[in-house]
1. Can you name the residue in region 126-137 that is over 24 Å from Leu20 (Cα atoms) and not in a loop (DSSP other than H, G, I, E, B) and is also modelled with the highest pLDDT among such residues?
2. Within region 172-189, take every residue that is more than 16 Å from ligand 1 (Cβ to nearest atom) and either among the aliphatic types (A, V, I, L, M) or under 12 Å from Glu19 (Cβ atoms) (or both) and give me the one that is surrounded by the most Cβ atoms within 10 Å (Cβ to Cβ).
3. Kindly indicate whether any position in region 53-70 is in contact (Cβ under 8 Å) with a residue 24 or more places away in the chain, more than 13 Å from ligand 2 (Cβ to nearest atom) and within 30 Å of Phe173 (Cα to Cα).
4. Go through region 75-114 and give me each residue that's closer than 12 Å to Phe62 by Cα and among the basic types (Lys, Arg).
5. If I ask for residues that are more than 20 Å from Lys165 (Cα to Cα) and within 13 Å of ligand 2 (Cβ to nearest atom), which ones from region 78-101 would you list?
6. Across region 1-23, what is the number of residues that are among the polar types (S, T, N, Q) and buried (at least 18 other Cβ atoms within 10 Å of the Cβ)?
7. Suppose we keep only residues that are open to solvent by less than 60 Å² (accessible area, probe 1.4 Å) and in a strand (DSSP E or B) within region 147-171. Which one would you say is nearest to Ile100 (Cα to Cα)?
8. Condition first: within 17 Å of the chain's Cα centre (by Cα), open to solvent by 40 Å² or more (accessible area, probe 1.4 Å) and of a type outside the set (A, V, I, L, M). Now tell me which residues in region 24-74 satisfy that.
Amino acid sequence: MLIAIEGIDGSGKTTLAKELKKWLENEKKKKVLLTAEPFTEEISKLIQEEGWKDPVTLTLLFSADRGVHVNWIMKQNQYDIIITDRYYYSTIAYQSAMGIDKNWIIEVNKFFPKPELTLLLDIPAEIAITRIKKDDKFNFKEKLSLLKKVRENYLEITKNENSIKIINSTKTFEEVLSEAKNYVEELIS
Ligand SMILES: Nc1ncnc2c1ncn2[C@@H]1O[C@H](COP(=O)(O)OP(=O)(O)O)[C@@H](O)[C@H]1O
Ligand SMILES: Cc1cn([C@H]2C[C@H](O)[C@@H](COP(=O)(O)OP(=O)(O)O)O2)c(=O)[nH]c1=O
């Protein structure tokens, strides 16, 4: 079973993923594998060196990385649940914010399995960016405007996809975690 956690930088994905894993293991006695994208060292390096200059190449690099990631996930059959911190909704939301045709991104990612559940941590970019420690303030303006578009793209994607549940991530972490647990509970019961 595949659960994806999505949202803009600083929306709380990594924190939520870790706490959900702990809860599923301790309270629900599930075997849980936590993973994330970008997945491979090699392609992450290419993304850093080449990707950001050219959104078409970036789309292909993130999608190729996902191909390797999905093949790896398919072999991890000793787990009940796999949680991935980012998945193809990130590519759709981010690279279409960079001007890439959304339908082409969907086409490039069409062979990858759809998560049974996707939790979208929704938050205004202005708040998310205050939570990002590593952010280089230098391109603050550029990052903020991109993340605003990414957030809108994410919300657009949820419109006709009921496997994606929106959680308001401006709430306290405890409230976000509690809502996330309810959705996961529904899925595994
Ligand atoms: N609901 C929340 N309210 C306030 N701060 C949060 C919340 N969720 C996460 N954080 C904090 O925000 C920062 C970014 O969280 P993180 O999980 O790394 O986000 P992401 O993986 O989406 O970039 C961390 O310092 C984390 O402790
Ligand atoms: C997976 C993925 C990530 N990204 C972006 C999101 C992040 O800004 C950046 C690196 O991802 P990541 O290292 O996960 O940063 P964060 O912890 O903030 O999520 O890559 C895309 O643009 N497209 C994608 O398909």
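The values are calculated or read from the model by the stated rules, or taken from the named source; none is laboratory data. This structure is a prediction, so every number in the text was calculated from the model and none was measured. So basically every Cβ, Gly included, is an ideal-geometry build from the backbone, and we count neighbours across all protein chains shown. For accessibility, only protein heavy atoms count, side chains too; no ligands or nucleic acids. Shrake-Rupley method; radii C 1.70, N 1.55, O 1.52, S 1.80 Å.
1. Filtering region 126-137 for residues that are over 24 Å from Leu20 (Cα atoms) and not in a loop (DSSP other than H, G, I, E, B), the one modelled with the highest pLDDT comes out as Glu126.
2. At the first step, the residues of region 172-189 found to be more than 16 Å from ligand 1 (Cβ to nearest atom) are 184-189.
The next check asks that each one be either among the aliphatic types (A, V, I, L, M) or under 12 Å from Glu19 (Cβ atoms) (or both); those that pass are 184, 187-188.
On the way: Val184: 23, Leu187: 14, Ile188: 14.
Out of the qualifying residues, it is Val184.
3. no
4. Going residue by residue through region 75-114, those that are closer than 12 Å to Phe62 by Cα are 86-92, 94-95, 105, 108-109.
Residue satisfying the conditions is Arg86 alone.
5. Kept after step one, since they are more than 20 Å from Lys165 (Cα to Cα), are these residues of region 78-101: 78-80, 95-101.
Result: Gln95, Ser96, Ala97, Met98, Gly99, Ile100.
6. Looking only at region 1-23, we keep the residues that are among the polar types (S, T, N, Q), and these are 11, 14-15.
Filter once more, keeping what is buried (at least 18 other Cβ atoms within 10 Å of the Cβ): 11.
Within region 1-23, residues that are among the polar types (S, T, N, Q) and buried (at least 18 other Cβ atoms within 10 Å of the Cβ) number 1.
7. Ile164
8. Matches in region 24-74: Pro38, Phe39.
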